[in-house]
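Remarks on the structure that follows.
The values are calculated or read from the model by the stated rules, or taken from the named source; none is laboratory data. Predicted, not measured: the structure shown is a model, and the values here were computed from it. Neighbour counts run over all protein chains shown; Cβ positions are idealised from the backbone, glycine included. The protein model used for the area step is the full one, side chains on, heavy atoms only, and it has no ligands, DNA or RNA in it. Shrake-Rupley method; radii C 1.70, N 1.55, O 1.52, S 1.80 Å.
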Amino acid sequence: MLINVILIVVVMIIAVGATGLCTFNPGKPENGPVQEVDAKTFLGLEARGVDFPVRYPQMPTGWVTNSARRSMIAQQPAPVVGWVTPDGGFIQLTQTGADSKTVQSEVDGKQRTLDRQDTIDGHSIEIFKGNEAKTRPLWVIDAGDARFAVSGAGTDAEFEELIRTALATEPLSAQ
């Protein structure tokens, strides 16, 4: 029976290795290039299916869009786009038509408390801090016609840059 198991493992390794679809790289992973996604196209499609204006903030050189997905807030689609920042941080922007209180409680299911309030370009911002050590901060912005939820592992300056850019961006066409 041991010979059969060894034979099966050898055949499996040869068969899988021949496909070239796997690799073995012992050691620590290296920081390779960030895989960029086409978030503008994704948000353009999302703009057609929601009842609030969706924006694609064109971030400056060095910001790489690396994720785009649909989330749900208040049982409505809420597009989420994430960027790797020039300093290696990660920040994501969720857009929704739900009210600020609902956004704060439903964006990712983590418990947070209000840390402070601020304004950027005349728009009120509520900044929440996590109750647990690994919970990232959440900035909730009332953009008037939509709400933004910004979270991630970045500096306050990076959060502010994304928010300013998103607020200054015209909504995408819903056609």
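Out of the residues in the range 145-159 meeting the condition of being open to solvent by 60 Å² or more (accessible area, probe 1.4 Å) and in a loop (DSSP other than H, G, I, E, B), tell me which one is modelled with the highest pLDDT. Restricting to residues being open to solvent by 60 Å² or more (accessible area, probe 1.4 Å) and in a loop (DSSP other than H, G, I, E, B), the top hit is Thr155.
Pairing residues of the range 40-68 that are closer than 21 Å to Gly88 by Cα and of a type in the set (Asp, Glu) with residues that are open to solvent by 40 Å² or more (accessible area, probe 1.4 Å) and in a strand (DSSP E or B), at Cβ distances under 8 Å and at least 6 apart in sequence or on separate chains, gives no pairs at all.
Taking the conditions exactly as written (in contact (Cβ under 8 Å) with a residue 60 or more places away in the chain and out of contact with any helix residue (DSSP H, G or I) (no Cβ under 6 Å at 6 or more places or on another chain)), does Thr135 satisfy them or not? Criteria not met by Thr135. For the range 72-92, a tally of residues being touching a residue at least 60 places away in the same chain (Cβ under 8 Å), within 17 Å of Thr169 (Cα to Cα) and in contact with a helix residue (DSSP H, G or I) (Cβ under 6 Å, 6 or more places away or on another chain) returns 0. Those residues that are surrounded by 17 or more Cβ atoms within 10 Å (Cβ to Cβ) and modelled with pLDDT under 90, I need them from the range 160-175; list them, please. Answer for the range 160-175, where residues must be surrounded by 17 or more Cβ atoms within 10 Å (Cβ to Cβ) and modelled with pLDDT under 90: just Leu172. Applying the condition of being free of Cβ contacts under 8 Å to residues at least 24 places away in the same chain and within 18 Å of the chain's Cα centre (by Cα) to the range 97-128 and asking which residue is surrounded by the most Cβ atoms within 10 Å (Cβ to Cβ) yields Ile127.
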